[in-house]
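The structure appears below as structure tokens.
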Amino acid sequence: MKRRDFIINSALAIGGTALLAGCGKKEVKKAEKQVVRRKFHNLEIPLIALGCMRLPMRDGKIDMVELDKMVEYAMAHGANYFDTAYMYVEGKSENAIGEILKQYPRESFFLADKCPAYLVESPADVRRLFEEQLKKCQVAYFDNYMVHNINKNTINNYRDNDMYGEILKLKEEGKVKHLGFSFHGDPKMLREVIKEHKWDFCQLQINYLDWEVINAKELYEIADEAKVPVIVMEPLRGGGLCNLPEKAAAKLKEACPQDTQASFGLRWVSSKDRVFTILSGMSNLQQLKENIDTFTDFREFTESEQKTAAEVAKIIQSQGAINCTACKYCMEVCPRGINIPAIFGLYNVYKSNGNGFMFGVNYNALKEEERADKCINCRLCSKNCPQGLDIPDLLKKVDATVKEVGDKK
């Protein structure tokens, strides 16, 4: 076993994050093929980036060995942009990616983080949280720093506590290179937020399904008109666009046999000129390699492929699936510990393939206390949902479907 893997495994054995001290700074050994890059202000940024919301897991903990291999592979192929946040992976993402990245010279990678607007109750909280995040990530500055998740529930926190002004101070001190925001609101709100300040960039949920479903097209056009560079999150809808309904998958395979479902979705997003990088929450090395292949052997998206994307999106919409991206924000506030993303994921699979028997089997494999019927309708989940879903009502719908499927056996 390599010394580095031994150190990481030893740390995992005692339940901590990987203790990489003593490994020294790693030289980035560039692979022959490099991912394509796009201009962002005076920089060249990789078009594909590692989003750290869905990191590899093992035995309920972040798999630091796998993450180390993923970062090494990404760095070698020029995919040296990493995006984390305060609450990702139950608050452990920043520590994990910081522990891995500290092996590399700071100037060799781009690191983005976000100020959790929902936790900001005073202007002083912005700096307090920021300093905590710097410490977790073990860096002296963030390349990109954002007001996180501006939406109808956080807009007042953002405005009343002058989050922009407080982050601007950090930028003036050299601790933030570029100031932006991530957004989960409606077009009217986005227009207001963009006009309020001078932003270096914004982060939007864009994919070929949400282009029409949640007004992603209008959101993108607002940023484009304002000439605000765009980072894309959820390009594959939390993995949903990698697990298409059978009819949609067949349509895509027939029209675009060269593409995997993932490469098709990522290439579609890349067709938007204002986009300078695309975040993908890759959960293992194989997913990372496949996505990097898409951007090392890059093909521009064609007009005929645009038509195919629209047709596939219509097929998906016709299945009646729940618009959940499995971000798990709902689970952070659920007092009963209901496994909402898993429940919706199982329901969506059932709606796509019609296999009621397997739906019942897989649903009943969930722990009893995590099931839909345990919802107490407190509605905290809906307030925290970036997609604006009425989660309690949807849980009732799933519960009713479970009973209906059971009655048909």
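Bear in mind that the values in this text are calculations on the coordinates, not laboratory data. The shown structure was predicted, so the numbers you read here are calculated from the model rather than taken from an experiment. Don't worry about glycine lacking a Cβ; one is built from the backbone with ideal geometry, like all the others, and counts go over all protein chains shown.
Some values worked out for this structure:
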item	result
Residues ASP68, ASP113, ASP162, ASP259 arranged by fewest to most Cβ contacts within 10 Å	ASP162, ASP259, ASP68, ASP113
Extension reserve of the ASP297-MET189 stretch, reckoned as 0.36 nm per residue once the Cα distance is removed	35.1 nm
Packing-based exposure ordering (other Cβ within 10 Å, fewest first) of LYS26, LYS289	LYS289, LYS26
Ascending count of other beta-carbon atoms within 10 Å, so fewest first, for TYR347, TYR145	TYR347, TYR145
Residue of GLY180, GLY165, GLY78 that the Gaussian network model of the chain assigns the largest fluctuation, springs spanning Cα pairs under 10 Å	GLY165
Exceeding the 26 Å Cα-Cα cut-off - candidates LYS152/LYS289; LYS102/LYS217; LYS61/LYS152; LYS253/LYS314; LYS30/LYS169; LYS114/LYS217	LYS152/LYS289; LYS102/LYS217; LYS61/LYS152; LYS30/LYS169
On Cα atoms only, tilt of 246-255 relative to the major axis of the chain in degrees	60 degrees
Cut-off 14 Å between beta-carbons: net charge of the residues surrounding ASN339, Lys and Arg +1, Asp and Glu -1	-2
Cα-based helix-to-principal-axis angle, 216-225 vs the chain, degrees rounded to 10	30 degrees
Degrees separating the helix 64-76 axis from the principal Cα axis of the chain, which is the longest one	70 degrees
Most positive-pole-ward Cα, THR296, LEU279, ASN156, against dipole of the chain from beta carbon charges	THR296
Gaussian network model of the chain, springs between alpha carbon atoms under 10 Å - residue of GLY185, GLY345, GLY354 with greatest fluctuation	GLY354
Ellipticity estimate at 222 nm from DSSP helix runs (n ≥ 4, -39,500 (n - 2.57)) divided over the chain, nearest 500	-13500 deg cm²/dmol
Counted charge near GLN319, where neighbours are those whose Cβ lies closer than 9 Å (Asp, Glu -1; Lys, Arg +1)	+2
